[in-house]
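Peer 1: One structure follows; several queries about it will come next.
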Amino acid sequence: MLTPARETRRARWEDVLKAPSFAYLRASSLAQVFDALAEHGEDARILAGGQSLVPALNMRLSEPRLLIDINPIAALTGIERRGGMLRIGALTRHSEVGASPLVARLAPLIHQAIPHIAHPAIRNRGTFGGSLAQADPAAELPACVLALDAVLHLASRRGERAVSARDFFRALYETALAPDEVITAIDVPVAPQGTRSVFVELARRRGDYALVGLAAEAREVGLRLVFFGVGNKPVEAGAASAALAAGITAERIAAAQAALARDLDPPGDLQADGATKLHLARVLLGRAARALMAA
Amino acid sequence: MSESVDIRLTVNGQAVARRVAARQSLVDFLREELGLTGTRAGCEHGVCGACTLRLDGAIVRACLLFAAQLDGASIETIEGLSRSGEIADLQAAFHQHNALQCGFCTAGILVAAAALLRRGGVPSRAEIRDFLSGNYCRCTGYHAIIDAVEATCRARAGKSAP
């Protein structure tokens, strides 16, 4: 008895669900980017490091008609001091930021945060500006730039503008970035003498997005506490910070942990419910405050 | 702009020129166009690390790059690292320590561990774990992998096992 021959041809890559079809533009200048964005608007996406965008494409959560690859634009990379500001090019890779002695000295909070971002192979590709544009509420860098009062430089064919981190993050994955704009650079105020920075986060596995995280910056003029993973964007904890304003002591840490309920109302997610997240935020606040006290 | 793109790049030291679909990932390009199947397509969204390779000297995820982006780039895959002998000692240590079972993740872990080895010195076990945290292995439980990497670091630094 004969059975039909089995189909043995292996599936080729096109047969399997992959990124949707798109046109690709290798941009060599910002002018080219502006023109393409002006023409294609929301049908186009900027491809920077691609460490969040490409997974979204592969899972077809995003189906742009055009990818504008800005990786060849060298003018968007680099780290330099400009007076009282540390300027970080939007296309600068996380690994470069993490290895920069300038960042370690002038923006220690960012230096501490970088090793928490995913893994070495991701950090070699992911970019500073890309992380801010993505605005994942559990990501490290949005919280850092908010804690540091950084300024984002946005550009389009219409011109350039500067937007403070406070005004940049609007809602879940929503920013002040218009469809025809690109982030070109980020200015981070240089940390004054005597600044103490602490960056802590809790994740189930090393490199995962945080369950809860805290970027803390203590300066002579005050203490900034920015939590992430606790809302639809990074959240500044003003009441907890006020409780520590007169100086950090064990009693005031307890008061600040209690006050945190006025700052945070974390929604639950797949990893933890809201009450657990608030508890974990209090744990991190205690750790960070004790580290600041010792620093 | 186009849905197919001409690229010229270097793969394991050899010049390659191809026309590729813009949406073809680097890992699919290597496996299907060049027949280099050492780089594995695992999760295909940047989580598992099985597609780790070197792009211009730095380790990256080949599933999170499109081949179209690589005009002018230099790629080194596990095939290249094996052939050059750069990781012969690491491969021998994986064998000796039973640091693989099914082997699916092994190429990615070797390429990632090679990047740690290139830093020099002897990292702690915690540092090795941290560095390899982006590479999943579903068989070994990781201990043997850490053993093999640690042994290779020590041997290269001229130190014997503790």
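The values are calculated or read from the model by the stated rules, or taken from the named source; none is laboratory data. The shown structure was predicted, so the numbers you read here are calculated from the model rather than taken from an experiment. Cβ sites come from the backbone with ideal geometry, for glycine too, and all protein chains shown count toward neighbours. All accessible areas refer to the heavy atoms of the entire protein, side chains included, with ligands and DNA or RNA removed. Shrake-Rupley method; radii C 1.70, N 1.55, O 1.52, S 1.80 Å.
Peer 1: Do you know which residues across segment B:118-162 are of a type outside the set (A, V, I, L, M, F, W, C), more than 14 Å from every other protein chain (Cβ to nearest Cβ) and assigned to a helix (DSSP H, G or I)?
Peer 2: Correct list: B:His143, B:Asp147, B:Glu150, B:Thr152, B:Arg154, B:Arg156.
Peer 1: What number of residues in segment A:63-80 are open to solvent by 10 Å² or more (accessible area, probe 1.4 Å) and touching a His at 6+ places or on another chain (Cβ under 6 Å)?
Peer 2: Here the count works out to 0.
Peer 1: Which condition number in (1) in the same structural domain as B:Leu132 (by TED's automatic domain parsing); (2) under 20 Å from A:Ile70 (Cβ atoms) is the one that B:Gln91 fails?
Peer 2: (2)
Peer 1: Somewhere in segment B:78-99, is a residue assigned to a strand (DSSP E or B), open to solvent by 10 Å² or more (accessible area, probe 1.4 Å) and not polar (S, T, N, Q)? Don't jump to the end; show me each part of the working.
Peer 2: At the first step, the residues of segment B:78-99 found to be assigned to a strand (DSSP E or B) are none.
No, the conditions are met nowhere in segment B:78-99.
Peer 1: Counting only residues that are open to solvent by less than 40 Å² (accessible area, probe 1.4 Å) and of a type in the set (D, E, K, R), which one in segment A:179-200 is nearest to the chain's Cα centre (by Cα)? Break it down stepwise before answering.
Peer 2: Step one: of segment A:179-200, the residues open to solvent by less than 40 Å² (accessible area, probe 1.4 Å) are A:180-191, A:195, A:197-200.
Going one step further and asking which of them are of a type in the set (D, E, K, R), we end up with A:180-181, A:187.
On the way: A:Asp180: 21, A:Glu181: 18, A:Asp187: 15 Å.
So the residue we want is A:Asp187.
Peer 1: Now for a separate question. May I ask you to list the residues in segment B:50-70 that are more than 19 Å from B:Thr106 (Cα to Cα) and more than 9 Å from chain A (Cβ to nearest Cβ)?
Peer 2: B:Asp56, B:Gly57, B:Ala67, B:Leu70
Peer 1: Among the listed residues A:Gly83, A:Gly98, which satisfies the condition of being at positive phi and surrounded by fewer than 22 Cβ atoms within 10 Å (Cβ to Cβ)? Give the derivation first.
Peer 2: Working: A:Gly98 fails: at positive phi.
Among A:Gly83, A:Gly98, only A:Gly83 is at positive phi and surrounded by fewer than 22 Cβ atoms within 10 Å (Cβ to Cβ).
Peer 1: Of a type in the set (A, V, I, L, M, F, W, C), more than 14 Å from chain B (Cβ to nearest Cβ), in contact with a strand residue (DSSP E or B) (Cβ under 9 Å, 6 or more places away or on another chain) and surrounded by fewer than 18 Cβ atoms within 10 Å (Cβ to Cβ): does that describe A:Ala203? Walk me through how you get there before you give the answer.
Peer 2: Working: of a type in the set (A, V, I, L, M, F, W, C): yes; more than 14 Å from chain B (Cβ to nearest Cβ): no; in contact with a strand residue (DSSP E or B) (Cβ under 9 Å, 6 or more places away or on another chain): yes; surrounded by fewer than 18 Cβ atoms within 10 Å (Cβ to Cβ): yes.
Answer is no for this residue.
Peer 1: Could you tell me which residue of segment B:1-31 is least open to solvent (accessible area, probe 1.4 Å), considering only residues that are modelled with pLDDT of 95 or more and acidic (Asp, Glu)?
Peer 2: B:Asp28
Peer 1: Just to be sure before I move on: is B:Ala67 crowded, with 24+ Cβ neighbours inside 10 Å, in contact with a strand residue (DSSP E or B) (Cβ under 6 Å, 6 or more places away or on another chain) and more than 17 Å from A:Pro120 (Cα to Cα) in the structure I sent? Spell out the reasoning first.
Peer 2: On the way: crowded, with 24+ Cβ neighbours inside 10 Å: yes; in contact with a strand residue (DSSP E or B) (Cβ under 6 Å, 6 or more places away or on another chain): yes; more than 17 Å from A:Pro120 (Cα to Cα): yes.
So B:Ala67 fits the description; yes.
Peer 1: Right, something else. Is it true that some residue in segment A:44-51 is at pLDDT below 95, outside any helix (DSSP H, G or I) and within 7 Å of chain B (Cβ to nearest Cβ)?
Peer 2: So in segment A:44-51, the residues at pLDDT below 95 come out as none.
Looking through segment A:44-51, none of the residues is at pLDDT below 95, outside any helix (DSSP H, G or I) and within 7 Å of chain B (Cβ to nearest Cβ).
Peer 1: Moving on. Within segment A:52-76, take every residue that is of a type in the set (S, T, N, Q) and under 14 Å from B:His45 (Cβ atoms) and give me the one that is farthest from the other protein chains (Cβ to nearest Cβ). Outline the logic, then answer.
Peer 2: Taking segment A:52-76 as the starting set, the residues that turn out to be of a type in the set (S, T, N, Q) are A:52, A:58, A:62, A:71.
Those left that are additionally under 14 Å from B:His45 (Cβ atoms): A:52, A:58, A:62.
Details: A:Ser52: 9, A:Asn58: 5, A:Ser62: 12 Å.
The extreme case among them is A:Ser62.
Peer 1: Hey, can you tell me all the residues within segment A:110-146 that are open to solvent by 10 Å² or more (accessible area, probe 1.4 Å) and not in a helix (DSSP H, G or I)?
Peer 2: A:Ile117, A:Ala118, A:His119, A:Asn124, A:Arg125, A:Asp136, A:Pro137, A:Ala138
Peer 1: Right, here's the next one. Return the residues of segment B:4-49 that are part of a loop (DSSP other than H, G, I, E, B), aliphatic (A, V, I, L, M) and within 11 Å of another protein chain (Cβ to nearest Cβ); say none if nothing qualifies. Lay out the reasoning, then the answer.
Peer 2: If we filter segment B:4-49 for residues that are part of a loop (DSSP other than H, G, I, E, B), which is where we start, we get B:12-13, B:22-24, B:34-49.
After this cut, where a residue has to be aliphatic (A, V, I, L, M) as well, the list is B:22, B:34, B:36, B:41, B:47.
Selection gives B:Ala22, B:Ala41, B:Val47.
Peer 1: Of the residues A:Ala104, A:Ala143, only one is more than 13 Å from chain B (Cβ to nearest Cβ), under 30 Å from B:Leu116 (Cβ atoms) and touching a Pro at 6+ places or on another chain (Cβ under 7 Å); which? Write out each step before concluding.
Peer 2: Values: A:Ala104 fails: touching a Pro at 6+ places or on another chain (Cβ under 7 Å).
Of the residues listed, the single one that is more than 13 Å from chain B (Cβ to nearest Cβ), under 30 Å from B:Leu116 (Cβ atoms) and touching a Pro at 6+ places or on another chain (Cβ under 7 Å) is A:Ala143.
Peer 1: Also, quick follow-up: Can you name every residue in segment A:11-30 that is more than 10 Å from chain B (Cβ to nearest Cβ), open to solvent by less than 60 Å² (accessible area, probe 1.4 Å) and over 24 Å from the mean Cα position of the chain (by Cα)? If you could, list the steps in order and put the result at the bottom.
Peer 2: Residues of segment A:11-30 more than 10 Å from chain B (Cβ to nearest Cβ): A:11, A:15, A:28-30.
This time we only want the ones that are open to solvent by less than 60 Å² (accessible area, probe 1.4 Å), so: A:11, A:29-30.
Selection gives A:Ala11, A:Ser29.
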